[in-house]
1. How many residues are assigned to a helix (DSSP H, G or I) and either β-branched (Val, Ile, Thr) or free of Cβ contacts under 8 Å to residues at least 60 places away in the same chain (or both) when one looks only at region 123-165?
2. What single numbered condition from (1) at pLDDT 80 or above; (2) surrounded by fewer than 23 Cβ atoms within 10 Å (Cβ to Cβ); (3) on the phi < 0 side of the Ramachandran plot fails to hold for Asn90?
3. Working only within region 212-237, note down all residues that are outside any helix (DSSP H, G or I), in contact (Cβ under 8 Å) with a residue 12 or more places away in the chain and either out of contact with any strand residue (DSSP E or B) (no Cβ under 8 Å at 6 or more places or on another chain) or under 22 Å from Asn303 (Cβ atoms) (or both).
4. Given (1) part of a helix (DSSP H, G or I); (2) at pLDDT 90 or above; (3) hydrophobic (A, V, I, L, M, F, W, C); (4) closer than 30 Å to Gly309 by Cβ, identify the lone condition not met by Ile434.
5. On the given criteria, is Thr232 modelled with pLDDT under 90 and either within 30 Å of Ala104 (Cα to Cα) or loosely packed, with under 14 Cβ neighbours inside 10 Å (or both)?
6. What residue, among those in region 295-325 that are surrounded by fewer than 19 Cβ atoms within 10 Å (Cβ to Cβ) and part of a helix (DSSP H, G or I), is nearest to the chain's Cα centre (by Cα)?
7. Out of Ala337, Ala328, report the one residue that is at pLDDT below 75, more than 16 Å from Thr110 (Cβ to Cβ), surrounded by 20 or more Cβ atoms within 10 Å (Cβ to Cβ) and not β-branched (Val, Ile, Thr).
8. On the given criteria, is Ser419 over 27 Å from Pro160 (Cα atoms) and either part of a helix (DSSP H, G or I) or among the hydroxyl-bearing types (Ser, Thr, Tyr) (or both)?
Amino acid sequence: MMSDQVGVLIAFFIYLMSMLLIGLIYYRKTENLSDYVLGGRSLNGWVTALSAQASDMSGWLLLGLPGYAYASGLEAIWIAVGLGLGTYMNWKFIAKRLRKYTEAAGDSLTLSEYFQNRFHDSSHVLRVASAIVIFVFFTIYTASGLVAGGKLFSTVFDIPYMTALTVGALVVISYTFLGGFMAVCWTDFFQGLLMLVALIIVPYKAYVIIGGMDGLVSGLTAVNPNTLNYMTSSVGESLSGISIISLLAWGLGYFGQPHILTRFMAISSANEIKKARRVAMVWVSISLVAALVIGLVGRVFLNSGLAAGSEETVFMVMVGELFPSLLAGFLLAAILAAIMSTADSQLLVTSSALTEDIYRIFKKEAPEKELLMVSRLSVVGVAIIAYIFAMNPQSSVLDLVSYAWAGFGAGFGPAVIMSLFWKRMNKNGALAGIVVGGLTVLIWKQLSGGLFDLYEIVPGMIASFIAIYVSSLMSEAPSQAVQNQFDSVTDLDAA
C-alpha cells in the first residue's frame, strides 16, 4: 500500500467501526420483528428527515449526479429540479397521512401490509404482489449501491474491482443484519451529516482554486461551451420535450419508494412531520446544488480530464488532489456513507417484505425470535443476489438507480396516492395499479426510439393511475368497514 493511502485507510477504518458499533448497540435492543423493521415507531423529526434523505440519495448523489453534470453540464439541472420538487411534495402530501393511515390500518409494519390492511384483503394477493415488486426492484437498486462501493474501494485503494465489491458488501450486510431499522436510521443520520459536509467542502475548495465564477465560466467555455446551456446537450443539440420531461420525471418516483415511505411510517408522531420536512428540504436543496457544482467545477479543475466511462469518479479524483490523506479519507467516507445509507435501507425493506409479507403468511404462528432470524437471513440472501448482479465493473450506478427508481415509482406511487386520497378505490384497483405500473416499466425499458425514449416512469405511472381508476369502478365498491376507516383517517387529518 502506498504511504499516502495510510491516512485514507485509517479514516475508513474509524468510520466503518463506528457504523458497526451502532449495529451492535441496537442488536442488544432489538427484541421483536416490529423493532427490527420499523423501530417501534419511535424516530424523532431530525433522525427521520436525515435518514429518509440519506437513504434516498444513495451513492448516485456523489457519483452518478456529479458524473452526469461533468459529462453533460447544466443539462443535469433538470434532474435536480425534479428531485427537489418531488421531495417536497412527498413530505407535504404523503408523509403525515401515511403515518396516520398505517397506524389506523392494523398498525402496518410494511408497505405491503399497509395495502392488505387498507383494503381488508383476506386473500393476501395484494401483500404477496407488493412483496414480489419490492424483491425484484430492490435487488436491482441494492446492486447499484454495491457497484458504487466497488468503484469506491477500487479507485481509492487501487485494488481489483471484485475484491473491492466484496469488502463493501460485507460491511453493509454486517450492521444491517445486526441492528435492523434503528441501526439503519441512526447510521443514516450520521451518514447524512457526513455527506452534507463533504458536498460543501470539496466543490468550494476547487471553486476557489479555479478562480471563482469567472474561472468556472471561462474554463467550461474553453472545454465545451454547450455545458453552460441548460437547454442543450453537451453536443450542442437542443433538448427535446421528451428529454426535459424525462429528467424532471425523476421527482415522480418519490411517492413509491418503500425505503423512504417507511421513514414516514416510523416517525414517533404525525406532529413531527412538519419539522422533519423543513430539515429534509434544507438538506436536499444544498446537496443537489452541491452535487451539480462538483461535476461542473471538476470539469475545469481536472485539467487532464477523465477517461470516457469514468465520469462517475469525479468526486473521488477531486478529493485525492485537494486534500491530505487523512482528511481525504473522511471525505471519501462520505461516498461510502451515501452508498451504505441506501443499501442498508433497501436490504432491510426487502427482508421485511420477504418475512412479514410472505413467510408469515405461510407460517402464521411463527414466534417473534424465528421471524427475527428469518428477516436477518433474508438480508444476507438478498445481498448475495445483488452482489451477483453487481459483478460487472462496467455497470453504471445512474442507470441501475434509474431503472429501480422507475419500477417503484410506477409500481407503488399511484397506488399509495390513490389509497390515501380516493375513498372509492378497492383492492382490485390497487392490484391492477401495482401490476400494470411495474410491468409497464419492465416492458418500456426494453424499447427505444421516438416516444419510447421517454423515461419509463412516466408511462408507467400514467398506466398505473388508469388501471387503478378503471379497475376500481368496474368492480364492487369497497366494504362499509373500509370506507369507515378511510373516513376516520380523514377526520384525524382535519383535527
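The values are calculated or read from the model by the stated rules, or taken from the named source; none is laboratory data. Computed from a prediction, not measured in an experiment: that's the story for all the values here. Here the Cβ is made from the backbone with ideal geometry for all residues, glycine too, and neighbour counts use every protein chain on show.
1. Result for region 123-165: 15.
2. If we test Asn90 against (1) at pLDDT 80 or above; (2) surrounded by fewer than 23 Cβ atoms within 10 Å (Cβ to Cβ); (3) on the phi < 0 side of the Ramachandran plot, just (2) comes out false.
3. Selection gives Asn224, Asn229, Tyr230, Ser233, Ser234.
4. (4)
5. No, not satisfied.
6. Per the criteria, the residue is Val317.
7. Just one listed residue meets the conditions, Ala337.
8. Criteria met by Ser419.
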